[in-house]
1. So, in region 212-248, of the ones that are surrounded by fewer than 17 Cβ atoms within 10 Å (Cβ to Cβ) and of a type in the set (Val, Ile, Thr), which residue ends up modelled with the highest pLDDT?
2. Give just the number: which of (1) exposed (fewer than 14 other Cβ atoms within 10 Å of the Cβ); (2) under 10 Å from the mean Cα position of the chain (by Cα) does GLY142 not satisfy?
3. Could you tell me whether GLY151 is assigned to a helix (DSSP H, G or I) and at pLDDT below 80?
4. Any idea which residue in region 57-80 is surrounded by the fewest Cβ atoms within 10 Å (Cβ to Cβ), counting only those that are at pLDDT 70 or above and out of contact with any helix residue (DSSP H, G or I) (no Cβ under 6 Å at 6 or more places or on another chain)?
5. Residues that are under 24 Å from LEU120 (Cβ atoms): find the helices (runs of 4 or more DSSP H) completely inside region 196-267 holding 1 or more of those.
6. Within region 132-145, is there a residue that is in a helix (DSSP H, G or I) and closer than 29 Å to PRO111 by Cβ?
7. Kindly indicate the residue of region 174-195 that is in contact with a Leu (Cβ under 8 Å, 6 or more places away or on another chain) and modelled with pLDDT of 90 or more and also surrounded by the most Cβ atoms within 10 Å (Cβ to Cβ) among those meeting that condition.
Amino acid sequence: MIRRVKVMFQEVFAQRRLLWSLIQLDLRKRYGASFMGFFWSVINPLLQILIYTFVFGYILSVNVGGNAGAKNYGIFLFAGMLPWIAFSEAIQKSSTVILENKDLVKQVRFPVMLLPMHILLSSFLHEMIALAIFVVILFIVGQGPPLLAVGLVALFPLQLIFTLGVGLIASAFHVMYKDVGQLVNALLLLWFFATPIIFPLSLVPHWLQTPLLANPLAPLISAYRAALLGNEVPHLWAFIYFAGFSLVVFLIGVTLFHRLSRDFADLL
């Protein structure tokens, strides 16, 4: 298994120019050649954040700790939405990327792994842009990120391999079973509300906190908030759990994708 992962990275590195070309193509589709292209690519997540802020911050007055208020909730929500939007977007697009590029897949020499890989990296670059915007917002409201924010650099590789593992599983199964795309959308909706993104874990009944903490995205969201807002204490065991879970999912995804990809051309 380890050898297969090594070979995969060697193949990706050998095709790095093609990978970058695919990423550039995806970014051009996303942003276009004008500012409005960028504007429309971020308006939907920003609108979603504003709606949740209005409902939970103003109407329900959810207490997220500290000086509770709508502004505080908006920042709390934005910090949690950053990794979620990148993750969910990458999984949704990865689940359909093989079918959408079946002409490329049928070419014998085309490295199929580049398709979900470029989706992952494109979504991650989009998150980095949103993260830069969020940091500017923090300084504007007088809540600049603490020095702990540099710890996100150590978190990014784990986030990437976890997302890639799930994306490989979704994309491989979607070729085999065409209903997987709809199933992925439904599971992501459930996963969103099973993750402490729009609510702090402290508001969850004690008996339900343990199952929610088993969610591998819970430590990721908490780590982002701890790094960017400094209102949570990062837990070492949660980080170790997420690291171990990410590695297992990644290895399963690579193995499964490698085995099923042999039949992609025939199934398409």
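1. Of everything passing the filter in region 212-248, VAL248 is modelled with the highest pLDDT.
2. (2)
3. Working: assigned to a helix (DSSP H, G or I): yes; at pLDDT below 80: yes.
So GLY151 fits the description; yes.
4. ILE59
5. Values: elements: 206-213, 217-228, 236-260, 264-267.
Hits in region 196-267: 217-228, 236-260, 264-267.
6. Here is the first cut: in region 132-145, the residues in a helix (DSSP H, G or I) are 132-140.
Keeping just the survivors that are closer than 29 Å to PRO111 by Cβ gives none.
Looking for residues that are in a helix (DSSP H, G or I) and closer than 29 Å to PRO111 by Cβ, one finds none in region 132-145, hence no.
7. Here the answer is THR195.
The values are calculated or read from the model by the stated rules, or taken from the named source; none is laboratory data. All values derive from a computational prediction rather than experimental measurement. Note that we place each Cβ from the backbone using ideal geometry, even for glycine, and neighbour counts take in every protein chain shown.
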